[in-house]
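**Q** There's a structure below that I have some questions on.
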Amino acid sequence: MCDYSLMGVPNRLAMEGEELVTYRFSTGTIGLAPPAEVRKAREAQPPVRTGFWGFFREMFSSPVKPPVLAVCVPPGAHLMLADIPQGYQHILDVGPTAAVTFTQISASANTHRDALRFEDGRELLLQQLDEDQRVLVLDLSSADPRAPEIVERRPSFVLSFGLF
């Protein structure tokens with residue numbers, strides 16, 4: 001439902017018809033979040049500190065941002081992925097939007113497991129998506145009775161980072 005590294009982040013279950021965006025949380029993991037919360041977190045500006053001591057304090061303090069709520073999606077949920085980058089469109093043979101099924105590719109601890117399965121069966125880890133890609137939750141139920149089952153396997157399609 002939510003990648004292992006998002007378990008310490010405030011979260012909730014997705015709702016049908018909801019639009020979400022991909023977001024890099026403070027844990028470094030890319031997950032799904034409500035667009036309004038992402039905007040609010042990005043607009044939060046720390047106070048401007050001047051002078052030597054202000055610079056010194058700012059250098060050693062962490063930025064305070066409002067927490068962004070992670071939205072968990074159950075395996076087998078049907079989604080519409082939008083804003084697919086040109087490089088992925090070419091490799092996956094899809095357009096700028098594609099119907100996908102949310103899946104988990106591993107039951108192993110401490111591994112990223114959330115992925116999207118395209119209609120042709122190829123899978124893409126959620127971690128490989130760009131930030132701010134839009135995702136529409138079409139249906140939380142699974143038409144395939146095997147979809148909620150987590151099967152240990154490698155993703156059939158994994159891109160190395162930095163290609164696009």
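**Q** Quick one: net charge of LEU140's neighbours, Cβ under 13 Å, K/R +1, D/E -1?
**A** So the surrounding residues net to -2.
**Q** Right, another one. Say R0 is 22 Å: what FRET efficiency, to the nearest 0.05, do MET15 and ASP130 get from their beta-carbon distance?
**A** 0.40
**Q** Working out 0.36 nm times the residue gap between ARG39 and ASP93, then minus their Cα-Cα distance, what length gain in nm do you get to one decimal?
**A** 16.3 nm
**Q** Testing the spin-label approximation: label points 7 Å from Cα along Cα→Cβ at GLN86 and PHE52. State their distance in nm.
**A** Once both label points are built, they end up 5.1 nm from each other.
Laboratory data are not the source of any read-out in this text; all were calculated from the coordinates shown. In this text, all values refer to a predicted model and were calculated from it rather than measured experimentally. Cβ atoms come from the backbone with ideal geometry, glycine included; neighbour counts cover every protein chain shown.
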